[in-house]
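The values are calculated or read from the model by the stated rules, or taken from the named source; none is laboratory data. Treat the numbers as computed from the prediction; the structure is a model and nothing was measured. Counting neighbours? That spans all protein chains shown, and the Cβs are built from the backbone with ideal geometry, glycine included.
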Amino acid sequence: MKRRLLAGLLAAAGGCSVAAAMPADDADLAAAQVQAEAAAADFSGRLRQTLGAAMAEGGPVAGVRTCRDEAPRIAADVAAAHGVRIGRVGVRVRNPANAPGGWTATVLEDFTRRAAAGEAPATLLHRGLDTGSDTLRVARGIATEPACLGCHGPAVPDVVADAVRALYPQDRATGFEAGSLRGLLWVEVPVPRGVARAGDGRAAVTLTPRQSDALRREMRGQLERMESALAALGTGDWPALAAAAATPPDVVAPGEGADFRRRLPPRWFALVRPMNEAFAAAASEAGEGRRADVAGRHLADAMAQCNSCHAAFRVREDTPARLAADDVRELFPTAP
């Protein structure tokens, strides 16, 4: 299936399936995960750019006002563009609207424990399916960056503190150290109820169980590659984006099953080649032009090719094997 992703950039995107053969509802989960990552990247990129411009012109005080006025607008624009709900909650909040509640409170407690145990806040990830509302819930930790300390650090200048108190009399969002957990960014994506296909019209590709497993691992690697690239785009980490986009997954060791490619039809490669070319173009843009919209378009092209491949083919094993849908359910457990 195809979904709206980065507004105006990822317009024809879809999701790489994390298994070589899985029911329509599991394919929807994989696509929803990519949709959530794209929305998170879009929000983070827009907010970073807007705040950076304001602070470059008027310093931290301008950043405080801009964050109050523009952050909600950016969240609303991103939500409308991607068809999601998106927001932030904090360990200690400045805007009462960003107080954790419901599932975000549960996840933030978990993130807090994990960060205290030594996990890097920026690597913290939660994703789960709320079966009651058919909603995929995704959350990523927010680390306190050095640029944040002027407004959120342990020694906020008096002029900034005065501006904060004027706008947020009940502010508690100070005292953070660089690298500490400041909160989380959450995304909710509606997932259509699984509707069985009225006869699967996709072309069947027959593989041995070992070949099928090798293909599943490669496809999972492509999804992780895309997730890494989108996360890097969202944080403006161009070297990380270049590395993720330029490096194909190397998850299939030599041996039985690694020869699965010889059993794939030519049309498969006709879709895979443009996907790899789009990744290469995104890597090139990350290394030279560093334009978020251009890099986003290349990633959209890569996702569209990946999705087209899943829509065109299904894997048929020549002996019974564990259902590939189990792989997806490991990634998308029932949400709290």
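Condition check ((1) at pLDDT 90 or above; (2) buried (at least 19 other Cβ atoms within 10 Å of the Cβ)) across all residues:
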{"position": "Ala38", "(1), (2)": "no, yes"}
{"position": "Gly45", "(1), (2)": "no, yes"}
{"position": "Arg48", "(1), (2)": "no, no"}
{"position": "Leu51", "(1), (2)": "no, yes"}
{"position": "Ala54", "(1), (2)": "no, yes"}
{"position": "Thr66", "(1), (2)": "yes, yes"}
{"position": "Asp69", "(1), (2)": "yes, no"}
{"position": "Asp77", "(1), (2)": "yes, no"}
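Could you please let me know if Arg182 is in contact with a Cys (Cβ under 8 Å, 6 or more places away or on another chain) and not β-branched (Val, Ile, Thr)? Give the derivation first.
Values: in contact with a Cys (Cβ under 8 Å, 6 or more places away or on another chain): yes; not β-branched (Val, Ile, Thr): yes.
Answer is yes for this residue.
If Glu188 satisfies every condition in (1) part of a strand (DSSP E or B); (2) under 20 Å from Ala54 (Cβ atoms) but one, which is the exception?
Status for Glu188: all satisfied but (2).
State yes or no: is Glu177 more than 20 Å from Gln33 (Cβ to Cβ) and either hydrophobic (A, V, I, L, M, F, W, C) or modelled with pLDDT under 90 (or both)? Break it down stepwise before answering.
Working: more than 20 Å from Gln33 (Cβ to Cβ): yes; either hydrophobic (A, V, I, L, M, F, W, C) or modelled with pLDDT under 90 (or both): no.
No; evaluated as a whole, the condition is false for this residue.
One line per residue, one yes/no per condition, for (1) touching a residue at least 24 places away in the same chain (Cβ under 8 Å); (2) more than 18 Å from Thr112 (Cβ to Cβ); (3) under 25 Å from the mean Cα position of the chain (by Cα):
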| residue | (1), (2), (3) |
| --- | --- |
| Leu149 | yes, yes, no |
| His152 | yes, no, no |
| Val164 | yes, yes, no |
| Pro169 | no, yes, no |
| Glu177 | yes, no, no |
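Does region 275-288 hold any residues that are in a helix (DSSP H, G or I) and either hydroxyl-bearing (Ser, Thr, Tyr) or surrounded by fewer than 18 Cβ atoms within 10 Å (Cβ to Cβ) (or both), and which are they?
In the first step, residues of region 275-288 are kept if they are in a helix (DSSP H, G or I); the result is 275-287.
Listed by number, the residues that qualify are Asn276, Glu277, Ala280, Ser284, Gly287.
Might you check whether a residue that is in a helix (DSSP H, G or I) and at pLDDT 75 or above occurs anywhere in region 310-326? Give the steps one after another, and end with the answer.
In the first step, residues of region 310-326 are kept if they are in a helix (DSSP H, G or I); the result is 310-312, 325-326.
After this cut, where a residue has to be at pLDDT 75 or above as well, the list is 312.
Taking every residue of region 310-326 in turn, at least one turns out to be in a helix (DSSP H, G or I) and at pLDDT 75 or above.
For Pro266, work out the one condition from (1) farther than 30 Å from Pro239 by Cβ; (2) free of Cβ contacts under 8 Å to residues at least 24 places away in the same chain; (3) surrounded by 16 or more Cβ atoms within 10 Å (Cβ to Cβ) it doesn't fulfil.
It fails just one condition, (3).
For region 224-248, name all the residues that are modelled with pLDDT under 80 and either of a type in the set (A, V, I, L, M, F, W, C) or in contact with a strand residue (DSSP E or B) (Cβ under 8 Å, 6 or more places away or on another chain) (or both).
Ala231
Have a look at Ala214, Ala242 and point out the one that is farther than 19 Å from Ala39 by Cα and surrounded by 22 or more Cβ atoms within 10 Å (Cβ to Cβ). If you could, list the steps in order and put the result at the bottom.
Working: Ala242 fails: surrounded by 22 or more Cβ atoms within 10 Å (Cβ to Cβ).
The match here is Ala214.
If you go through region 260-274, how many residues are closer than 17 Å to Arg217 by Cα and outside any helix (DSSP H, G or I)?
Qualifying residue count, region 260-274: 1.
With the checklist (1) surrounded by fewer than 19 Cβ atoms within 10 Å (Cβ to Cβ); (2) more than 30 Å from Phe260 (Cβ to Cβ); (3) among the β-branched types (Val, Ile, Thr) in hand, flag the one item Thr144 doesn't pass.
(1)
What strands (runs of 3 or more DSSP E) lie completely within region 67-155 and have 2 or more residues being closer than 12 Å to Arg182 by Cβ?
85-90, 135-143
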